Amino acid sequence: MRTQVAIIGAGPAGLLLGQLLHRYGIDNIILERKDRDYVLARIRAGVLEQGTVGLLEEAGVAARLHHEGLIHHGIELAFGGARHRIDMTKATGKTVTVYGQTEVTRDLMDARDKAGLATVYEAGDVSLHGFDSDRPRVRYVKDGVSHEIACDVIAGCDGFHGVSRQSVKDAITTFERIYPFGWLGLLSETPPVSPELIYNNHERGFALCSMRSNTRSRYYLQCPLDEHVDNWPDEKFWDELKRRLDPQAADHLVTGPSIEKSIAPLRSFVAEPMRFGRLFLAGDAAHIVPPTGAKGLNLAASDVHYLSQALREFYAEKSSAGIDDYSRRALGRVWKAERFSWWMTSMMHRFPDTDAFSSRIQIAELNYLVESEAAQMSLSENYVGLPY
Ligand code: FAS
Ligand code: PHB
């Protein structure tokens, strides 16, 4: 089989790239290890930058997002028993949209099916070949039958544990910070505790109040790395969350049965470069951020913006300028998001070595934020998304 671009991975990065390339008349196929229900069942991101919304509009998949997504103009920071609102739209003129990654993925899958584009689910033993030449190939096994795809370009959109970065592990430099805690997340069919997200710095640990709609809430508790979700029956989760919220939020919290509960580790990770001949890495395959800054999904989107534009130039103008500059451009924005995510995580969480001095520094950082318009502008322009 032959195509122009072989995409590995049907997460947001792979699906959005496939949709944009299709819009540009560039033939592509997606190879996905799992089945579509498995991909859709993963509960992950919830906040879309304005740039990500613009890309989904360009891909022709933003109708439901505009109908069901919640436009947010600010977030709240809670510490010392009080809540402080950061008006991000006043600072930047921009907004964010609350719309779950699951829904973004579903919209992209539906659009791909409607366009009749090739996606191979449950593609096993994917391997990449010849990407140091101009005739790369991808091999995979489906239902016991081996297949090979000849292509011009391979896009490694297969996430942190994928095969693409592994295929160049001797040619990359990695940068990593593993945090000494995780996030225990709970999804419930209950009304959100507040109309906007609340990030809580509490002596018992960080807590985040988020949502998926006006009837579906998403909460997170900082937890030890060796914690197990089985140790957290719903009632224990709700009790601990109430202890970490400000009094007004704790009073307004509506509890109910969890429909999903999971623990995610937190890490900062970047692999450089993101291009190896005709192999290009995008999204979690190349970088990971702690979710405190709501950047993971949005970074996958900006990588895809740069890569899709570069490939459009490569095919339409026979120019390799864009693909030659892809890694530099993408990494420039990746590192700024890594910094912001690390900063938000450092400011909001309790670290094992948080001594009296560092906890005073955290509170000073938070007080400075709520008192300084310049500090709020800085947080806001990073949270709504730096320009592409
Ligand atoms: P993905 O990991 O989403 O997709 C990669 C795809 O490649 C998967 O479907 C996988 O099955 C497939 N694949 C892997 N290996 C393969 C192989 N060998 N062959 C074929 N296919 C293969 N971000 C936020 O902004 N906010 C959050 O709250 C948040 N929470 C998260 C919680 C968890 C547990 C995780 C893991 C991530 C979270 N993220 C969050 C980040 C997350 O949203 C990612 O940034 C986003 O999924 C990135 O999308 P992709 O790069 O497409 O990678
Ligand atoms: C979420 O709703 O899942 C979410 C929102 C904001 C974050 C992290 C996660 O910073």
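Have a look at LEU65, LEU55, LEU15 and point out the one that is in a helix (DSSP H, G or I), in contact with a His (Cβ under 8 Å, 6 or more places away or on another chain) and either more than 14 Å from ligand 2 (Cβ to nearest atom) or not hydroxyl-bearing (Ser, Thr, Tyr) (or both).
LEU55 is the lone residue from the list that is in a helix (DSSP H, G or I), in contact with a His (Cβ under 8 Å, 6 or more places away or on another chain) and either more than 14 Å from ligand 2 (Cβ to nearest atom) or not hydroxyl-bearing (Ser, Thr, Tyr) (or both).
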State whether one or more residues within the stretch 255-272 are touching a Lys or Arg at 6+ places or on another chain (Cβ under 9 Å), within 16 Å of ligand 2 (Cβ to nearest atom) and free of Cβ contacts under 8 Å to residues at least 60 places away in the same chain. no
Can you confirm whether the stretch 158-169 contains a residue that is in contact with a Phe, Trp or Tyr (Cβ under 6 Å, 6 or more places away or on another chain) and at pLDDT 95 or above? yes
What number of residues within the stretch 243-293 satisfy the criterion of being over 22 Å from SER327 (Cα atoms), within 12 Å of ligand 1 (Cβ to nearest atom) and in contact with a Ser or Thr (Cβ under 9 Å, 6 or more places away or on another chain)? 5
Considering the stretch 18-52 alone, what residues qualify as being within 9 Å of ligand 1 (Cβ to nearest atom), over 20 Å from LYS114 (Cβ atoms) and assigned to a helix (DSSP H, G or I)? TYR38
Could you please tell me which pairs satisfy a Cβ distance under 9 Å, a separation of 6+ or placement on different chains, a first residue in the stretch 109-123 that is among the aromatic types (Phe, Trp, Tyr), and a second residue that is in a loop (DSSP other than H, G, I, E, B)? TYR121/ALA10; TYR121/GLU32; TYR121/ARG33; TYR121/LYS34; TYR121/ASP35
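The values are calculated or read from the model by the stated rules, or taken from the named source; none is laboratory data. In this text, all values refer to a predicted model and were calculated from it rather than measured experimentally. Counting neighbours? That spans all protein chains shown, and the Cβs are built from the backbone with ideal geometry, glycine included.
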